[in-house]
Structure formats: structure tokens, C-alpha cells
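Please read the structure below before turning to the comments.
The values are calculated or read from the model by the stated rules, or taken from the named source; none is laboratory data. Predicted model only: the values in this text are computed from it and were never measured. Because the Cβ atoms are built from the backbone with ideal geometry, glycine has one as well, and the counts that use them run over all protein chains shown.
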Amino acid sequence: MKYVIPGGTGQVGTMLERALRADGHQVVILTRTPTAPHHVAWDGRTLGRWAEQLDGADVVVNLAGRTVSCRYTPENLRQMMDSRVDSARVVGEAIAAAARPPRVWLQMSTATVYAHRYDAPNDEATGVIGGAEPGVPDYWEYSVRIARNWEAAQDEARTPDTRKVALRAAMVFSPDRGGVFDVLSRLVRFGLGGPVAGGRQYVSWIHERDFVRAVRFLVEREELSGPVNLAAPNPLPHRELMRELRRANGVPVGLPATRWMAELGALALRSDTELLLKSRRVVPGRLLDAGFAFDFPQCADAARELVARRRTLHRPGAPAPARAGAA
């Protein structure tokens with residue numbers, strides 16, 4: 001099949017392209033900075049020659065959006081919103097104009113759409129959409145608004161011949177350099193892999209193999225449309241996640257961090273503490289109901305496998321790091 005992946009040069013796009021090419025599929029990447037023959041230039045906002053790639057394609061997987069690994073300043077939040085909404089809107093316009101539109105449009109979304117909570121997991125049917133939780137920073141509501149507007153841009157697109165799925169994805173764990181698993185493992189090896197702010201907040205995650213398998217599954221299952229959670233079925237509190245990462249890396253202890261220490265660390269790394277402190281307890285209800293079986297449902301197994309591969313990938317002479325985000 002022919003896959004078109006807007007914003008496909010980041011970590012998730014790199015691993016997805018790798019797997020799809022191994023399956024024998026044709027992959028075209030839409031990017032602002034083409035560097036390879038299968039890259040096609042686009043600006044993520046306006047129609048252009050790039051739209052010809054969607055005419056006759058089988059699947060579109062739109063991953064475009066400004067990376068969330070940044071300080072959540074008003075300008076950065078605006079760019080996060082605009083890059084996601086504009087790219088989803090213009091992909092919809094290109095599909096609508098195609099003589100032979102793709103049969104499936106998988107649109108990246110985020111598990112951040114759900115509320116910050118500890119009491120119960122969020123699935124697609126009963127999960128609580130965030131934005132009104134008491135006692136959380138005001139700008140966390142804006143992250144939820146970004147997710148809702150992102151999905152609305154896809155939902156409102158007039159593409160009657162194309163099935164649409166919104167991928168409410170948790171953190172994707174892969175061994176690639178610069179990815180979230182690599183960053184967390186590095187902290188563990190430096191002795192900083194303890195709980196943050198008590199570590200009670202839940203972390204949802206998915207192994208790269210299950211992410212790719214879920215994409216294949218959703219492409220083939222014609223009955224599935226709308227929001228689908230892409231997360232392992234066993235989210236766990238942050239303190240337990242870090243304990244599993246320490247075990248996998250052979251590190252016995254990790255220094256804990258208070259909330260204000262996390263704020264200082266995020267400032268130094270030019271990131272934001274929402275990524276650490278928001279409790280994301282998300283489960284894949286629709287995937288499980290449809291019969292999808294995870295290869296890595298438990299974090300302990302995923303961590304061991306990823307650490308083993310990470311050591312191989314990061315030896316001298318290994319490939320250069322994949323960027324953490326792309327538009």
C-alpha cells in the first residue's frame with residue numbers, strides 16, 4: 001500500500017516508516033525540510049503540489065504538530081495549537097479534493113485530552129475529558145483544548161469516502177535516541193530516576209511495536225472510526241514506572257525530586273512539568289474490545305526489551321538520533 005505521513009520526520013514517524021517499509025509498503029513523508037527522495041515539501045497550512053500525493057494513496061497518518069517538549073509559554077502554546085489544527089484542516093481539504101481519496105485517515109491526537117485523575121482509568125466510552133479539574137494550573141486546560149480542537153478539525157472535514165480515526169496516543173516508548181524512553185533511561189543511569197512529586201500520578205505509555213501493530217490493525221478494521229486510545233492496558237504510577245526502568249537498567253536507587261525541583265529541572269531542559277505531573281490514566285478500551293492483543297501489556301517486560309535494544313542502537317557508530325517532534 002501507499003502510506004502518506006505528514007510530519008513523519010520525528011521519533012514516531014521514523015519508527016512507523018521503518019516498520020512500514022519493512023512490510024513492503026511505499027511511504028511518502030510530508031515535511032517542511034525535505035532531506036530524502038521520498039520527502040515532499042509542505043508548509044502544514046496551505047494546499048500545494050504535495051496534495052497530489054494523497055490522490056490514490058491508501059492511508060494517511062497525520063503526525064504533524066509542534067513538539068510538546070518545550071516551555072509552555074503563550075507563544076509556544078499558540079504554535080502547538082495552530083500547527084495541529086492547521087495541518088489536520090489542510091489534510092482534510094486535500095483528501096476532499098482527491099479524485100481517489102485514501103480509504104483511511106489516521107490522525108494523531110493525544111491521551112492528554114483526558115482529565116488529570118487518580119481514581120479510575122479513562123477509556124473512550126467512560127473517560128472524563130479534561131479542562132475543569134480543580135487545583136491544576138490554568139494552562140493545563142489549554143493543552144486539553146488543543147487536543148479537542150485537533151480532533152474537531154479532523155471530524156469536521158468533509159471526507160465521506162475516507163474513514164477517520166483519531167489516535168489518542170500515550171507516550172510511545174522506543175529505544176531511539178532523543179525519544180522519551182531514552183531520556184528517562186538517561187536520568188535513571190545518572191541516578192535521578194526516583195519519583196517526582198511523590199510519584200502518585202499515573203503514566204500511560206505504549207511500546208513502539210504495539211503502536212505500529214495498532215496502526216496496522218486500525219487500517220484493516222473497517223468498523224473502527226472515531227477516537228481510539230493507543231496505550232498499553234496497564235498504566236502505572238510514576239514511582240512504579242521509574243522503579244521498572246531502574247530494574248531494567250540495573251540501577252538500584254534513584255534520587256526523588258520534589259515539585260519545585262522538577263520545575264527547576266524542566267526550566268533547565270526547556271521543557272514543562274505538565275509532562276511529568278499530570279496524571280494520565282488511560283486504557284485502550286476500543287482496541288481490546290475489537291480483539292487487539294498487546295505484545296507488551298506490562299511495563300516491566302517492555303522496559304527490559306527496550307533497554308536491551310537501546311544498548312545495541314547506542315553503541316559507537318549507531319544511527320543519528322531521531323528528532324522528538326516534527327511538523
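Could you go through the stretch 89-105 and let me know if any residue there is assigned to a strand (DSSP E or B) and either within 29 Å of PRO233 (Cβ to Cβ) or not acidic (Asp, Glu) (or both).
Yes, that holds for at least one residue.
I need a count of the residues in the stretch 46-88 that are crowded, with 18+ Cβ neighbours inside 10 Å and either among the small types (Gly, Ala, Ser) or assigned to a helix (DSSP H, G or I) (or both).
15
Given the conditions (1) out of contact with any strand residue (DSSP E or B) (no Cβ under 6 Å at 6 or more places or on another chain); (2) among the small types (Gly, Ala, Ser); (3) crowded, with 21+ Cβ neighbours inside 10 Å; (4) under 30 Å from ALA22 (Cα atoms), and given that ALA231 satisfies all but one, which numbered condition is not satisfied?
(1)
Give GLU156, GLU141, GLU133 a once-over and let me know the one that is within 22 Å of VAL61 (Cα to Cα) and acidic (Asp, Glu).
Exactly one residue qualifies, and that residue is GLU156.
Take the residues of the stretch 100-122 that are of a type in the set (Gly, Ala, Ser) and surrounded by 24 or more Cβ atoms within 10 Å (Cβ to Cβ): which is nearest to ARG89 (Cα to Cα)?
SER109
If only one of ALA22, ALA125 is more than 19 Å from the chain's Cα centre (by Cα), surrounded by fewer than 16 Cβ atoms within 10 Å (Cβ to Cβ), under 27 Å from ASP289 (Cβ atoms) and of a type in the set (Gly, Ala, Ser), which one is it?
ALA125
Kindly provide the set of residues from the stretch 106-131 that are of a type in the set (Gly, Ala, Ser), in a loop (DSSP other than H, G, I, E, B) and out of contact with any helix residue (DSSP H, G or I) (no Cβ under 7 Å at 6 or more places or on another chain), ordered by number.
ALA115, ALA120, GLY127 - these are the residues of the stretch 106-131 that are of a type in the set (Gly, Ala, Ser), in a loop (DSSP other than H, G, I, E, B) and out of contact with any helix residue (DSSP H, G or I) (no Cβ under 7 Å at 6 or more places or on another chain).
Between a first residue in the stretch 235-247 that is on the phi < 0 side of the Ramachandran plot and a second residue that is among the hydroxyl-bearing types (Ser, Thr, Tyr) and not in a strand (DSSP E or B), which pairs have beta carbons less than 6 Å apart while being 6 or more apart in sequence or on different chains?
PRO235/SER204
Kindly establish whether LEU288 is touching a residue at least 24 places away in the same chain (Cβ under 8 Å) and in a helix (DSSP H, G or I).
Yes, satisfied.
In this structure, is PRO134 surrounded by 22 or more Cβ atoms within 10 Å (Cβ to Cβ) and either part of a loop (DSSP other than H, G, I, E, B) or not basic (Lys, Arg) (or both)?
The answer is no for PRO134.
If you check every pair at least six apart or on different chains, which have Cβ atoms under 7 Å apart with a residue in the stretch 45-65 that is without any contact (Cβ under 8 Å) to a residue 40 or more places away in the chain first and a residue that is surrounded by 23 or more Cβ atoms within 10 Å (Cβ to Cβ) and not charged (D, E, K, R) second?
Here the result reads GLY48/TRP42, each pair linking the stretch 45-65 to a residue that is surrounded by 23 or more Cβ atoms within 10 Å (Cβ to Cβ) and not charged (D, E, K, R).
For every residue, the table says whether it meets (1) more than 17 Å from the chain's Cα centre (by Cα); (2) more than 24 Å from ARG117 (Cβ to Cβ).
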position	(1), (2)
PRO175	no, yes
GLY179	no, yes
VAL183	no, yes
VAL196	yes, no
VAL203	no, no
ILE206	no, no
GLU223	yes, yes
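Which residue is farthest from MET1 (Cα to Cα), if the candidates are limited to the stretch 198-228 and must be surrounded by fewer than 17 Cβ atoms within 10 Å (Cβ to Cβ) and in contact with a Pro (Cβ under 9 Å, 6 or more places away or on another chain)?
Per the stated criteria, the residue is GLY198.
Just give me the residues in the stretch 248-283 being within 25 Å of the chain's Cα centre (by Cα) and on the phi > 0 side of the Ramachandran plot, in sequence order.
Passing the criteria: only ARG270.
Here's a check for you: in the stretch 1-18, which residue that is assigned to a strand (DSSP E or B), at pLDDT 95 or above and of a type outside the set (A, V, I, L, M) is surrounded by the fewest Cβ atoms within 10 Å (Cβ to Cβ)?
Checking each candidate, the answer is LYS2.
Conditions tested, residue by residue: (1) at pLDDT below 95; (2) out of contact with any Lys or Arg (no Cβ under 7 Å at 6 or more places or on another chain).
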{"position": "LEU230", "(1), (2)": "no, no"}
{"position": "PRO233", "(1), (2)": "no, yes"}
{"position": "ALA248", "(1), (2)": "no, no"}
{"position": "MET261", "(1), (2)": "yes, yes"}
{"position": "GLY265", "(1), (2)": "yes, yes"}
{"position": "LEU275", "(1), (2)": "yes, yes"}
{"position": "PRO284", "(1), (2)": "no, yes"}
{"position": "LEU288", "(1), (2)": "no, yes"}
{"position": "PHE292", "(1), (2)": "no, yes"}
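Applying the selection to the stretch 181-227, what residues are among the hydrophobic types (A, V, I, L, M, F, W, C) and assigned to a loop (DSSP other than H, G, I, E, B)?
Result: PHE190, LEU192, ALA197, LEU224.
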